[in-house]
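This report refers to the structure that appears directly beneath it.
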There are 2 protein chains.
Amino acid sequence: MKKEAGLILSVMIGMAAGSAYAQQALGSKAAVASPEINADKTVTFRLPAKNAKEVLILGDCVADNKWIAPMTMSQDSIWEYTTPRPLDSELYMYNFIVDGVKINDPSNVYMCRDIANVMNIFIVDGNGDNKAPGDRYKVQNVKHGSLHKVWYDSKSMDMQRRMTVYTPAGYEEGTKRYPVFYLLHGMGGDENAWTELGRAAQILDNMIASGEVEPMIVVMTNGNAGLEATPGESSLGFVQPFVNLPEAKASFAEHFPEVVAFIDKNYRTKADKKHRAIAGLSMGGGHSFDISKCNPDMFDYVGLFSAAVRIPQIVGEESDDVLKKQLTTQFSKKPALYYIAIGKDDFLYDMNKEYRKMLDDMGFKYVYRESEDGHIWRNWRMYLTEFLPMLFRNN
Amino acid sequence: MKKEAGLILSVMIGMAAGSAYAQQALGSKAAVASPEINADKTVTFRLPAKNAKEVLILGDCVADNKWIAPMTMSQDSIWEYTTPRPLDSELYMYNFIVDGVKINDPSNVYMCRDIANVMNIFIVDGNGDNKAPGDRYKVQNVKHGSLHKVWYDSKSMDMQRRMTVYTPAGYEEGTKRYPVFYLLHGMGGDENAWTELGRAAQILDNMIASGEVEPMIVVMTNGNAGLEATPGESSLGFVQPFVNLPEAKASFAEHFPEVVAFIDKNYRTKADKKHRAIAGLSMGGGHSFDISKCNPDMFDYVGLFSAAVRIPQIVGEESDDVLKKQLTTQFSKKPALYYIAIGKDDFLYDMNKEYRKMLDDMGFKYVYRESEDGHIWRNWRMYLTEFLPMLFRNN
C-alpha cells in the first residue's frame with residue numbers, strides 16, 4: 001500500500017456510506033486549514049460558518065493573555081482570527097464560541113479534556129531548537145518509550161485502580177533495572193493528565209534521547225481516591241466527569257505504598273530510596289508533600305509543583321507540631337532533592353510561601369523556582385522539564 | 001479526600017482562573033444532560049443555543065437509520081431531540097449541526113475520531129443483560145486487562161512503529177504463557193481503532209471474565225504501511241489525518257513477521273501456530289487473508305470481517321493461479337477456523353461472494369456469517385464478539 005492509499009480510502013468511504021449525508025459525514029476532510037501556523041509564528045484560526053452572527057475564539061493563544069477575541073468573517077463566509085503577534089514555542093488550547101455555543105474546531109481533530117471541558121490543542125515549535133518548549137512537547141524522531149495502562153488491586157480501597165506507566169525506550173528488549181519517578185496530577189485530573197496536557201511521554205522521550213535525563217520508569221496514578229480510573233474507563237460509565245464522586249475507603253496517600261509495592265513487583269525497578277522520586281502538581285503536589293513525609297525512607301527526590309500543601313481534605317489535618325516532627329525525620333535522612341516551584345500569580349502562592357517559611361525556620365534545604373503566571377499547565381510542563389534532569393544523577 | 005472533593009474542586013478552579021471568562025471555561029459543568037438515556041431506552045439530546053436558527057442531529061442513533069433529523073427548540077432556548085423509539089443496546093455516534101456548522105455535543109466529553117471526523121459516543125445498555133451488545137462494550141466491574149502502547153523497530157520499513165497490546169487480567173502478576181490474537185483495523189484506522197470504536201478491551205475483559213473467551217494477548221498494529229503511529233503520536237505532528245500519506249519501504253503484509261517476532265520475544269506467548277489467530281476488518285481483513293496465506297504455518301485461526309480481499313493496493317496482485325496455490329498450501333495444513341463475515345449491504349459483499357465461491361469450488365471449509373447492514377463498526381464489534389469464543393478452545 002503506497003501513495004494510492006488516500007485515493008482508495010476516499011473511494012471506499014464513498015462506496016461504504018449508507019446515505020448521501022453519511023458519505024460526507026464519514027469521509028469529510030477539513031474544509032479549511034485551522035489552526036495554521038504561519039511562517040512568522042503567528043497563528044490563523046478558521047471556521048466556515050456562513051449563517052453565524054458572532055464567532056469568538058477562547059484560549060491561551062489569544063493575544064496578550066486576553067483569553068477571548070472576536071473572529072471576523074471573510075467574503076467567502078469563513079471566520080478568521082490571526083494572532084497579532086508571533087506565539088512563543090508552546091502547546092496551546094482553544095475553543096470557538098459560535099453565537100453563544102462553545103464548540104471545538106471541526107478542522108482540528110486534536111483535543112484534550114481538562115476536567116469537563118474539551119479543548120483543541122496545537123503546538124508551536126521553535127524551528128528545530130530541540131530545547132524550545134514546543135519541541136520538547138512534540139513527538140520527535142527519537143527512540144520512544146512505551147505507555148502502559150495497567151490495573152492494580154488496591155486492598156485498602158477495595159477496588160481495582162488504573163495507572164499509566166511509562167517505560168523508557170529499550171525496556172522491553174533489555175534486562176536492566178531502572179529508577180522510578182511517581183508523577184501525580186491535580187484535582188480534576190486523572191491517570192491520563194500528565195500524558196495528555198502534560199506531554200510527559202514526549203518530554204521523557206526527547207530528554208532521555210538527548211542525554212539530559214536518565215532513563216527511568218514513570219508512574220502516573222489516579223489520585224482521586226474514590227475513582228477507579230479516568231472518566232469513561234471505569235465502571236461508572238460515561239458519566240459527567242467529577243460529579244458525585246464516590247466515597248473512598250482510604251485516602252490516596254495512605255494507600256500509596258500499595259502502588260510502590262505493585263510497581264516494584266511487576267517492573268524491573270531499582271527498589272530503594274535512592275532510586276525513587278515523587279512529584280505532583282496542585283493536589284498531586286499536596287500528595288507528594290504528604291506521602292514523602294509519611295514515608296521518609298521511600299523517596300530521595302521530592303517535587304512540589306504549585307502544590308496544595310496543607311489543605312486538610314487533600315493531605316490530612318496534622319498540627320504544626322506533628323508536621324514539624326515529620327519533616328524533621330524526613331530531612332534528617334537527607335533527601336537528594338526537595339524542589340518547590342510556583343508561579344507568581346498562583347492562588348496557592350501564599351500557602352507555599354508560608355510552608356517555605358516553615359522550612360527556612362527549621363533550616364531545611366530545598367530548591368525554589370518561582371515562575372511567571374499562575375496555576376496552569378504551561379508552568380507544570382516547564383517545571384517537569386526542569387525537574388527531570390536533576391533526578392538520579394548521582395546514582 | 002472524600003465527598004468534599006467536588007466542592008474543593010469548584011473552589012480551587014474558581015480561585016485559579018485568571019479571568020472571569022477563563023473561570024467559566026475551566027470550571028464549567030454541562031449546562032444540560034445530553035445525551036440522556038430515558039427509562040424506556042429512548043434517548044434525549046439537548047443543546048442550549050438560543051441564537052441558532054436550525055439545529056440538526058446527525059448519527060446512527062437517529063431513528064430508522066435516517067442519519068439526520070431536526071431538533072426543536074423549547075421555551076428555555078434548549079434544542080432537543082428524542083428518538084421516537086427505544087434504541088437497541090449498542091454503542092452509538094452523533095454530531096450536531098448548528099446553522100450549518102457540524103459540532104460536538106458540548107455536554108458530552110466522550111468522543112471518538114473516525115478518520116478525520118470526531119463524533120460523540122454513548123452506550124445504551126441492556127439493563128444488566130451482560131450479553132447485550134451495550135453491556136459487552138461497557139466497562140464492567142470485572143478484572144481488567146492492561147493496554148500497552150508499544151514501539152517496535154521495523155527493519156523492513158526502516159522506522160519505529162507503534163502498536164497496542166492487550167494483556168489479560170493477571171498477566172503482570174503471573175508466569176503463564178498465553179495464545180496471541182492479531183487484530184487488524186481498516187483503512188483510515190490505526191493502532192487505536194479497535195480499542196476506541198471497536199471497544200476491544202471491554203469486550204475482552206467482559207468475555208474473559210464470563211468464561212466465554214480464553215485469556216489471550218491481543219495485538220493491534222498500525223496497518224498503514226507509511227505511518228509510524230496514529231495521527232498526533234508520530235513525528236508527522238498534528239497533521240490532518242490520512243492526508244499525504246508517506247511512502248512505505250515495505251508492504252504491511254511483508255513486514256508482518258517482524259511483528260510476530262517482536263511479540264514472541266517480549267511477551268509470554270505460546271509461540272506456535274496452534275496458539276495464533278489473525279483477523280481484521282475491511283483493509284485489515286484483506287491483510288489477514290494475505291498474511292495468513294503467505295505464512296501458512298503461522299496462524300491456526302483466520303477471520304475476515306467485511307474484508308477487502310483481492311484489492312491489489314491492499315494485498316498484492318497475485319493471479320488466480322498463484323492464489324489457488326497459496327490457499328491449497330494453507331488449507332492443506334487444516335486451519336482450526338477460517339471465518340468470513342459480512343453485512344448484506346456491504347459494498348464489499350460481491351467481492352466476498354466471489355472469494356467464497358473460489359473456496360467452495362476448491363472444497364475448502366470456512367464458517368460464514370452474514371449479518372444485516374453494511375460496512376459499519378456495529379457489525380465489526382458484533383463479529384468480534386462472535387469470533388472470540390471460537391479461538392483457542394481445543395488447545
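The values are calculated or read from the model by the stated rules, or taken from the named source; none is laboratory data. Nothing here was measured: the structure is a model prediction, and the numbers come from that model. Neighbour counts are summed over all protein chains in view; Cβ atoms, including those assigned to glycine, are modelled from backbone coordinates with ideal geometry.
Of note:
- Filter result for B:Asn108 (within 26 Å of B:Arg46 (Cα to Cα) and either of a type in the set (A, V, I, L, M, F, W, C) or more than 7 Å from chain A (Cβ to nearest Cβ) (or both)): yes
- Any hit, segment A:29-41, residues being among the polar types (S, T, N, Q) and modelled with pLDDT under 95: no
- Where B:Ala308 falls short, out of the listed (1) away from chain A (no Cβ under 14 Å); (2) buried (at least 17 other Cβ atoms within 10 Å of the Cβ); (3) part of a loop (DSSP other than H, G, I, E, B): (1)
- Those residues of segment A:249-302 which are surrounded by fewer than 24 Cβ atoms within 10 Å (Cβ to Cβ) and touching an Asp or Glu at 6+ places or on another chain (Cβ under 7 Å), in sequence order: A:Lys249, A:Ala253, A:Asn266, A:Ala271, A:Lys273, A:Lys274
- Residue list for segment A:222-242, restricted to those being free of Cβ contacts under 8 Å to residues at least 24 places away in the same chain and either under 15 Å from B:Gln202 (Cα atoms) or at the interface with chain B (Cβ under 7 Å from one of its Cβ atoms) (or both): A:Gly232, A:Ser235, A:Leu236, A:Gly237, A:Phe238
This table checks each residue for (1) assigned to a loop (DSSP other than H, G, I, E, B); (2) in contact with a Gly (Cβ under 6 Å, 6 or more places away or on another chain); (3) without any contact (Cβ under 8 Å) to a residue 60 or more places away in the chain; (4) more than 25 Å from B:Phe299 (Cα to Cα).
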| site | (1), (2), (3), (4) |
| --- | --- |
| B:Asn130 | yes, no, no, yes |
| B:Met157 | yes, no, no, no |
| B:Met163 | no, no, no, no |
| B:Glu172 | yes, no, yes, yes |
| B:Thr175 | yes, no, no, no |
| B:Leu183 | no, no, no, no |
| B:Thr195 | yes, no, yes, no |
| B:Ile203 | no, no, no, no |
| B:Ile208 | no, no, no, no |
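- The residue that is nearest to A:Glu196 (Cα to Cα), counting only those in segment A:94-120 that are of a type in the set (A, V, I, L, M) and free of Cβ contacts under 8 Å to residues at least 60 places away in the same chain, is A:Met111.
- Within segment B:312-334, tally of residues that are at pLDDT 90 or above and closer than 15 Å to B:Ser288 by Cα: 5
- Single match in A:Asn127, A:Asn95 (criterion: more than 7 Å from chain B (Cβ to nearest Cβ) and under 17 Å from B:Ile103 (Cβ atoms)): A:Asn95
- The residue pairs whose first member lies in segment B:243-254 and is more than 7 Å from chain A (Cβ to nearest Cβ), whose second member is surrounded by fewer than 17 Cβ atoms within 10 Å (Cβ to Cβ), and whose beta carbons are closer than 6 Å, counting only pairs six or more residues apart or on different chains, are B:Lys249/B:Asp158; B:Ala250/B:Ser156.
Quick grid of which residues meet (1) crowded, with 24+ Cβ neighbours inside 10 Å; (2) among the aromatic types (Phe, Trp, Tyr); (3) touching a Cys at 6+ places or on another chain (Cβ under 6 Å):
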site: A:Glu191; (1), (2), (3): yes, no, no
site: A:Leu197; (1), (2), (3): no, no, yes
site: A:Gln202; (1), (2), (3): no, no, no
site: A:Asn206; (1), (2), (3): no, no, no
site: A:Ala209; (1), (2), (3): no, no, no
site: A:Glu214; (1), (2), (3): no, no, no
site: A:Met220; (1), (2), (3): yes, no, no
site: A:Asn224; (1), (2), (3): yes, no, no
site: A:Glu228; (1), (2), (3): no, no, no
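- Qualifying residue in segment B:269-284 (condition: in a helix (DSSP H, G or I) and touching a helix residue (DSSP H, G or I) at 6+ places or on another chain (Cβ under 9 Å)): yes
- A:Lys102 being under 30 Å from B:Val98 (Cα atoms), of a type in the set (D, E, K, R) and touching a strand residue (DSSP E or B) at 6+ places or on another chain (Cβ under 7 Å): yes
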